[in-house]
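Read through the structure below, which is laid out as structure tokens, and then see the notes.
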Amino acid sequence: MAAYFVYKISPTVANLVKPMDLLGDFENYKEARSFARDQRQDPANDPLDTIKVIFADNPLDAEEKLSEFREKPIMKEWEK
């Protein structure tokens, strides 16, 4: 069963393994988005941490997707 997962990702020196904590899972995107926004505004969280919402089949799939290396898009001259 697919769901929306909210993760807190902590920064690392080497971006090989990202330490991440599952904060919650939701069936509805609006609930997940609202929860993530609240977590970003919470002063108890480290401002260097990243809060992300991801749609996946299960928590393992979500962590794999978040751990994938994605290259930055190439900007065309007219997009600058």
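Any read-out appearing in this document is the output of simple, stated calculations on the displayed coordinates, not a laboratory observation. As the structure is a prediction and not an experimental result, all values here were calculated from the model. Reconstructed Cβ throughout: ideal geometry from the backbone, glycine too, with neighbour counts over all protein chains shown.
With respect to the cross-link table entries K18/K76; K8/K65; K30/K52; K30/K72, which display a Cα-Cα separation exceeding 19 Å? Table pairs above 19 Å Cα-Cα are K18/K76; K30/K72. Among P43, P59, P19, the residue with the largest mean-square fluctuation in a Gaussian network model of the chain, with springs joining Cα atoms closer than 10 Å, is P43. Both radii were evaluated on the Cα set of the chain; the Rg over Rh quotient, with Rh as the Kirkwood radius, amounts to 1.03.
GluC sites (Glu not before Pro) within the chain: which are DSSP loop residues with at most 10 other Cβ atoms inside 10 Å?
Numbers: sites: E27, E31, E63, E64, E68, E71, E77, E79; in loops: E27, E68, E71.
Hits after loop and neighbour filter: E27, E68, E71.
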